[in-house]
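Take a look at the structure below.
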Amino acid sequence: MEGKQDILSLSSEEVQQAVQALGQPHYRAQQILQWLHRGVKSFDEMTDLPKALRELLAERFYIVNLRMLDKRTSRAGDATKYLFLLEDGNTIESVVMRYNYGNSLCLSTQVGCRMGCKFCASTIGGLVRNLSAGEMLAQVIEVNSDLENSGERRVGNIVLMGIGEPLDNYDNTVKFIKMVHYPQGLNMSYRRITLSTCGLVPKMMDLAEEGLPITLSVSLHAPNDELRKLIMPVASAYSIDEIFKASRYYFKKTGRRVTFEYALISDLNDRERDAIELARKLRGFPCHVNIIPLNVVRGVGYKRSSPAVVERFVSVLKSQGIAVTKRRELGLDIEGACGQLRRSYIKQAEVER
Ligand code: SAH
């Protein structure tokens, strides 16, 4: 792969330019992209291209290869978690969640994360590196092939909620989002894509400027900055007021309501007064609130709230007219919380070493 370019990370315009530079007609770019998004592993499989072109492509480019190291399906069959090995030996996770409206894929955008949220498994070892757009796309392609092999529907929705902070890898993430929208490829509507961020305000503003009608989801997890700082270091950089301002701007630019994620942690952010404070701040705001029961991470002291406390929190928000949903829990028995399977793999590798 030395000296070769990663073709899966090229935008359709860049593939067109590459094809042009090789003196080929522009429809070749469409053919190449179709093959790539369908999941071929080598240029040799692109059978409608002349052999000389296939050889030329193989000399200049390589196709990102993810190796499936592990695949676990929950007992209930509603979630499947994949552990993929990248070419440099790093690992990432992707999770398929089966809903009655279709299959949703939760993707990783970085190897590790540097945001430091206290309750999250993905950030424990810090950030290793960004994923390329091609490595994000390869997750969708691999999972689609696997679903098709077992006679299942392809991925219908994408949520950027796996390992990593997507807005900390802004350019690659936006490039990837545009790639899955590409009509000759996966042809996914922007409305079927959700990007989740811990609240990097300047990047939220940049994303609003892109004008892509994807759903923006912000991990809030607290009704005020003081409480938020206890669990999310990013709260010291950007206030909730700034997050709200950026969220309104996002709504203005894209017409899409922002979702606020709120994971309930026992005796920390789940009190009645937290719900009242949150409801007061959100009244009249064009948003949804998504309540997440905490996934308990081994070695981290936080506990999940009891079902009665969750109900109380939800009903306070509802009584104030806030649009609120409770996230259905999938895949708890397969280390559902993002980053956990990768952690256990790293630990295992350390033991074996
Ligand atoms: N970095 C992005 C996206 C990845 S995390 C973000 O912060 O939004 C996806 C979602 O899972 C976020 O809302 C995150 O706060 C939440 N999350 C992380 N660890 C969790 C845990 N142990 N239990 C429940 N939700 C968790």
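The values are calculated or read from the model by the stated rules, or taken from the named source; none is laboratory data. Note that the coordinates shown come from a computational prediction; the quantities given were computed from them, not determined experimentally. We place every Cβ from the backbone using ideal geometry, glycine too, and count neighbours over all the protein chains shown. Protein only, heavy atoms only, side chains kept; ligands, DNA and RNA dropped before computing areas. Shrake-Rupley method; radii C 1.70, N 1.55, O 1.52, S 1.80 Å.
Key figures
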read-out: Per residue accessible area in Å² of the chain, where ligands, DNA and RNA are left out and the probe is 1.4 Å; value: 45 Å²
read-out: Rh (Kirkwood; distinct C-alpha pairs) - the chain, Å; value: 21.4 Å
read-out: By accessible area with a 1.4 Å probe, ligands and nucleic acids excluded, highest first: order of ARG248, ARG271; value: ARG248, ARG271
read-out: Unsatisfied cross-links (Cα-Cα over 32 Å) in the set LYS178/LYS318; LYS4/LYS252; LYS229/LYS318; value: LYS178/LYS318; LYS4/LYS252
read-out: Global geometry of region 57-120, whether rounded, prolate or oblate, following the gyration tensor of its Cα atoms and the 1.5 cut on a/c; value: oblate
read-out: Highest to lowest packing among 143-149, 221-227, scored as the average C-beta count within 10 Å; value: 221-227, 143-149
read-out: MRE, 222 nm, helices only [DSSP H, n ≥ 4, -39500 (n - 2.57), over the chain, to nearest 500]; value: -11500 deg cm²/dmol
read-out: Area of SER306 that stays accessible when all protein chains are in place (1.4 Å probe, Å², to 10); value: 50 Å²
read-out: Amide H contacts under 5 Å for LEU69, placed H, 5+ residues apart; value: LEU83, PHE84, LEU85
read-out: Folded to 0 to 90 degrees: helix 12-21 orientation relative to the chain principal axis, Cα; value: 20 degrees
read-out: Amide proton proximity set for TYR62, modelled H, under 5 Å, gap of 5+; value: GLN5, ASP6, ILE7
read-out: Estimated inter-spin distance, ASN187 and ARG280, nm [label 7 Å along Cα→Cβ]; value: 5.2 nm
read-out: Kirkwood hydrodynamic radius of region 195-312, Cα pairs, Å; value: 14.8 Å
read-out: Choice from ASP206, ASP48, ASP270 with maximal GNM fluctuation in the chain (Cα, 10 Å cutoff); value: ASP48
read-out: Shape category assigned to region 5-62 from the gyration tensor of Cα positions, a/c cut at 1.5; value: rounded
read-out: Region 1-48: GluC sites (Glu not before Pro) falling in loop per DSSP and having at most 10 other Cβ within 10 Å; value: GLU2
read-out: Solvent-accessible area, 1.4 Å probe, carbon plus sulfur percent, for region 4-59; value: 49 percent
read-out: Rough spin-label spacing in nm, given labels placed 7 Å along Cα→Cβ, for LYS51 and GLU13; value: 3.7 nm
read-out: Karplus 3J(HN,Hα) series, Hz, for region 46-60 with 6.51 cos²θ - 1.76 cosθ + 1.60 (x for Gly, Pro); value: 7, 5, 8, 9, x, 4, 4, 5, 4, 5, 4, 4, 5, 6, 9
read-out: Pairwise label distance in nanometres, ASP44 with ARG328, each label 7 Å out on the Cα-Cβ vector; value: 4.4 nm
read-out: Distant-in-sequence amide H partners of THR197 (H built 1.01 Å from N, under 5 Å); value: SER217, VAL218, SER219
read-out: Low-density loop cleavage sites - trypsin sites (Lys or Arg not before Pro) in region 27-106, where at most 15 other Cβ are within 10 Å (DSSP); value: LYS41, ARG75
read-out: Nearest 10 degrees, 0 to 90: helix 133-149 Cα axis against the chain principal axis; value: 90 degrees
read-out: Eligible aspartates and glutamates near LYS253 by straight Cα distance, threshold 17 Å, same-chain separation 8 or greater; value: ASP206, GLU209, GLU210, GLU242
read-out: Under Karplus coefficients 6.51, -1.76 and 1.60, residue-wise ³J(HN,Hα) of region 175-192 in Hz, glycine/proline x; value: 4, 4, 4, 5, 5, 6, 7, 4, x, 6, x, 7, 6, 8, 5, 4, 5, 9
read-out: Candidates LEU317, LEU49, LEU127: whichever shows maximal mean-square fluctuation once the chain is modelled as a Gaussian network with Cα springs under 10 Å; value: LEU49
read-out: Between helix 307-319 and the chain: long-axis angle, C-alpha atoms, 0 to 90°, nearest 10; value: 90 degrees
read-out: Using a Förster distance of 30 Å, the FRET efficiency for TYR101-ASN149 (Cβ separation, nearest 0.05); value: 0.85
read-out: Share, in percent, of DSSP beta bridges within region 82-213 that are antiparallel, nearest 5; value: 65 percent
read-out: Among THR47, THR254, THR123: highest mean-square fluctuation, GNM of the chain, C-alpha pairs under 10 Å; value: THR47
read-out: With all protein chains modelled, accessible area of THR91 [1.4 Å, Å²]; value: 10 Å²
